[in-house]
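One structure is given below, encoded as structure tokens.
Coordinate-derived values only; no laboratory data. In this text the structure is predicted, and so the values were computed from the model without any measurement. Ideal geometry is used to build each Cβ from the backbone, glycine not excepted, and the neighbour counts take in all protein chains shown.
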Amino acid sequence: MAKDAGRQIEQLRKEIRRHDHLYYVLNRPEISDRRYDALFAELAELERANPELVTPDSPTQRVAGQPLEGFTTVRHAVPMLSMDNTYSAEELRAFDERVRRQLDGGTYDYVVELKIDGLAISLRYEEGILVAGATRGDGESGDDVTANIRTIKAIPLVLLGNGGIPAVLEVRGEVYMPTSSFVELNRLREEAGEPCFANPRNAAAGSLKLLEARITASRNLSFFAYSTGQLSAPLGVDHYETLERFRKLGLPVNPHIKKARDIDEVIDICVDWDHNRHDLDYQIDGMVIKVNRFDQRDILGATGRAPRWCISYKFAAEQAETVVESIDVQVGKSGILTPVANLRPVLLAGTTVKRASLHNFDEVRRLDVREGDTVVIEKAGEIIPQVVEVKKEQRQTRAAPFKLPSRCPNCGGPVKRDEEGVYIRCLNSACSGQLKERLKYFAGRGQMDIEHLGPALIEQLIETGLVKGFADLYRLRKEQLAGLDRMAEKSASNVIEAIQESKRRPLWRLIAALGIRHIGGQSAQILAEHFGSLEAIGAATQQELAGVDQIGPTMAESVYQYFHEPDTTAVIEELLKAGVSPEQLKTRRSDKLAGMTFVVTGTLENFSRQQAEQAIRQAGAKPSSSVSRKTDFVLAGDNPGSKLEKALKLGVKVIDEQEFVKMLGN
């Protein structure tokens, strides 16, 4: 009897896997959803009657029974590198020229793929069975999300084929949420009174990081495979052949991938998709161009962060037309008043946009934007919505110009235009609007880096009167927090612990966190290294401050005034009384790079900008913010921008992160 049940179970599993392959990979279903559900139910019933025959790779075992307590970190056997970006046909041609030069004019072709806007994932198969799934993380290691990965029906638990499957096969790809699923998910969340996701990518990322796999299973995530990681045996001699093998193994590969004979064909494909991307049921933000042959990739190699054999072509910012329903004025941490347009909701680049910054009142006057105007908005860097054009021909005759504020909209206090004439500031240092923004900045990652202290909690702390300044954060008790809205005892403990940990942050972080005008992370590090303590900075004359390398007269005046204002000196005294004791910077390790000047540009994998510049100083060199002929090296990370272009024009040597670490001797 058990043998018969075993044969039935195995046959049903094969049948269900075949239909999964037809549906998710080939997009060619043979049976109805109802028939599929009947097969699945039959298998589940047989397994319930014969629990000893249940195996982890069965289609019924996609969802874990118990919620996870957290995600463990796993190290990628082969790093998941990032890619360089391009934004024009000219930049694509420049990439092609570099490839041609490095391949000594040899014949080569490209594979062009859609750049799915989702979450990069690595899947590990051993003997054809899915054993692990991990997020990209920092490229070297990521979170183990195996339980949630198993819920995605597009990802096979067992690879197809009776032979030729490598003993170890790591598959790299993108987990994404179809647009239709995203719309439905937000509809259900809105009905339930829950906040909506901003865009499909955020929804996919959030769903994959849930501790309850059953919820992830309900989110209808999908997957496309696009490359390999660790392999015990190759799948093909080139990339296109490997993707074809993926399909045969039951892995979903995007159907729109194409070969291109040359860069002209690549550009034609990119332009076509820029026009047609909205026809897809998923978001793409560009195209990926890869040299096809693996032996040629080996010749081209990689920098410390990105392969030289591939590049992404990013689409231009999308625009949308909508109506300005009203204009509000917000107060920033330094008292600057910022006009914000409240918009008739409009979908832009996968996000429903309701607000857009107008930057300052000169911009309002330049655009002549008024309430009721029809405007064109776009997302700067696909992130921040901004008004770029006013359709004045559609303006209603009754629309009046926007009036400059004469009082602070938050506290009603007096306001004044800056000497530069660009910004208007609230002069009331006790303004709660300013305090909220100052606290958000103080606790931010680039400053005191206080985890769990988010904007909503800060707002409650101010409204309840528990916090009236920076030092009050360090006097908070767990019992006080536990009484706040949505603040359980465990959450309160986490907040208090994070605040206490921040007491021993490096000196430069505290200087940056104080919010001194014109002083950011880099200048805070310069001041911390030069003077060594808050007391020494406060005792310095304006001339002494201005004499510090890279601290000019404007910064020096700002720092001097800050440390000689009774209100702000009291802030520092209160912080010290509350137990804040910043760690001093380590003394310089060596003079091996003495006299050299470095410019850091782009995003690095293993250093923040501040950490890289601190390492430069500790090696005796000088970090600079601008490239000139006197610059010795430009350290280029991801998305380097115009500084890299200028370095290349001037002939300044450009190094990657790997070379930088070697120079430091780490």
Ordering 43-51, 81-89 by per-residue average of other C-beta atoms within 10 angstrom, highest first, gives 81-89, 43-51
Only helices counted: for the chain, with every DSSP H run of 4 or more residues adding -39500 (n - 2.57) and the sum spread over all residues, [θ] at 222 nm is -10500 deg cm²/dmol
Mean Cβ-within-10 Å packing, highest first, puts peptides 250-263, 486-499 in the order 250-263, 486-499
What one gets for the chain as the Kirkwood radius, inverse of mean 1/r over different Cα pairs in Å, is 28.9 Å
Straight-line reach check, Lys391, cutoff 24 Å on alpha carbons, 8 or more apart in-chain or any other chain, hits among lysines -> Lys354, Lys379, Lys403
When His518, His21 are ranked with the fewest other C-beta atoms within 10 Å first, the list becomes His518, His21
So Asn202 and Glu565, fully extended at 0.36 nm per residue minus their Cα-Cα distance, gain in nm 126.3 nm
Lys653 and Ala302 label points (each 7 Å along its Cα→Cβ direction) are spaced in nm at 2.4 nm
1/(1 + (r/R0)^6) with r = Cβ-Cβ of Val183 and Val376, R0 = 22 Å, i.e. FRET efficiency to nearest 0.05, evaluates to 0.35
Taking max minus min of the Cα coordinates of the range 85-314 on each principal axis, largest first, gives extents in Å of 60, 42, 30
Subtracting the Cα-Cα distance of Ala44 and Ala316 from 0.36 nm times their residue separation yields 93.0 nm
For the Arg7, Arg28 Cβ pair and Förster radius 30 Å, calculated FRET efficiency rounded to 0.05 is 0.65
Placing +1 on each Lys and Arg Cβ and -1 on each Asp and Glu Cβ in the chain, then taking the dipole about the Cα centre, the residue among Ala306, Leu635, Thr72 whose Cα reaches farthest towards the positive end is Leu635
So the angle from the long Cα axis of helix 489-501 to the longest Cα principal axis of the chain, reported in degrees to the nearest 10, equals 60 degrees
Full extension between Asp57 and Ser232 adds, at 0.36 nm per residue less the Cα distance, a length in nm of 60.9 nm
Looking only at lysines whose Cα falls under 29 Å of Lys153's and that sit 8 or more positions away or on another chain, we get Lys3, Lys14, Lys115, Lys209, Lys248, Lys258, Lys259, Lys290
Given 178-185, 219-226, 280-287, the highest-first ranking by average Cβ count within 10 Å works out to 219-226, 280-287, 178-185
Toy charge model, Lys and Arg Cβ at +1, Asp and Glu Cβ at -1: the chain dipole around Cα centroid in debye, rounded to 20, equals 680 debye
Note on the chain: contact order normalised by length, alpha-carbon pairs under 8 Å, 6 or more apart, percent, works out to 10 percent
Extend 7 Å from the Cα of Val168 along its Cα-to-C-beta direction; within the range 198-232, residues with backbone N under 12 Å of that point are 229-232
Projected convex hull area of the range 429-504, Cα atoms, direction-averaged, in nm², equals 4.6 nm²
